Amino acid sequence: MDQRHQEYLEYYRVRLQKFEGNPLFPRSEAAERAMFEAIRDAVDLAAFGKRVLGEHLHVNCAVAYVYDTSKAWADLYLSIKEPVRAKPFQEILAALDAKEFTDVNELNSMASDIQTRWNIPISMDELLRNTFWPGWTVLENLEVWAAAEVPAAWRAERDGWIAEQNLEGKKLWRENTLAEARKFDPNYCPNWDLLWEERHRRLIPVADEHLRRRIAEYRQYVGEE
């Protein structure tokens, strides 16, 4: 075995060690072991190259890695009740089960296309939470303004601030939030029940009664009663 062959052998040994014993990467470990054994048993690098191409060992390593990582992500998201974020990885797994890939570029394109396509559904699922929760501060400010003890001479100005803020809220909701959402889903209508699903609810750290009240106030604020 010449020096270059030895260096490649060590390279593939390290690649194998990266996955050895890791329960998240069983397919990657098996594929990398096959690659390592191929170069270990080859009489020279030319013979190794022929075996790699003939048995698609390099593609097998790529497929195994995509499968293992997709399964790990899908399992994680399902375990924390994030079904929408799990969907692209479940779809990748289904594609890998349905077809034997023999080209790394095709494999990578498949995985990339699926994840890109799911970016919009994931964003749409999280849109209401990402809009509502920052609006909590606005609702608190309106509440404070309305309850403030203001001299009679200034009450009209205070009431004007409140009215202006309420008008601005409805305008932003109509012209920004809904307009942007409907660029991706022309039929988009907010599903307020989504805020109670665990993947969203756990990110809103307040008691149920406070959330229920604020949802009602926010819907009034944006004109979605």
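A few notes on this one:
- Members of the range 169-193 that are out of contact with any Phe, Trp or Tyr (no Cβ under 9 Å at 6 or more places or on another chain) and either in a helix (DSSP H, G or I) or not assigned by TED's automatic domain parsing to the domain that holds TRP133 (or both): LYS171, LEU172, ARG174, GLU175, ASN176, THR177, ALA179, GLU180, LYS183, PHE184, ASP193
- Taking the criterion of being touching an Asp or Glu at 6+ places or on another chain (Cβ under 8 Å), assigned to a helix (DSSP H, G or I) and not aliphatic (A, V, I, L, M), the residues of the range 5-32 that qualify are HIS5, TYR12, ARG15, LYS18, PHE19, PRO26, ARG27, SER28, GLU29.
- First in the range 198-213 and farther than 13 Å from PHE132 by Cβ, second anywhere and not basic (Lys, Arg), Cβ under 7 Å, 6 or more apart: ARG199/GLU82
- So ALA46, is it under 30 Å from LEU127 (Cα atoms) and either in a loop (DSSP other than H, G, I, E, B) or small (Gly, Ala, Ser) (or both): no
- Criterion (assigned by TED's automatic domain parsing to the domain that holds ALA216, on the phi < 0 side of the Ramachandran plot, of a type in the set (Val, Ile, Thr) and exposed (fewer than 11 other Cβ atoms within 10 Å of the Cβ)) met by exactly one of VAL150, VAL138, VAL144: VAL144
- Check on GLY160, crowded, with 16+ Cβ neighbours inside 10 Å, among the small types (Gly, Ala, Ser) and either under 18 Å from ALA216 (Cβ atoms) or outside the structural domain of VAL63 (by TED's automatic domain parsing) (or both): no
- Filter result for ASP208 (of a type in the set (D, E, K, R) and under 24 Å from ALA86 (Cβ atoms)): no
The values are calculated or read from the model by the stated rules, or taken from the named source; none is laboratory data. Only a predicted model underlies this, so the values are computations on that prediction, with no experimental measurement involved. A quick note on method: Cβ atoms are made from the backbone with ideal geometry, for glycine too, and the neighbour counts reach across all protein chains shown.
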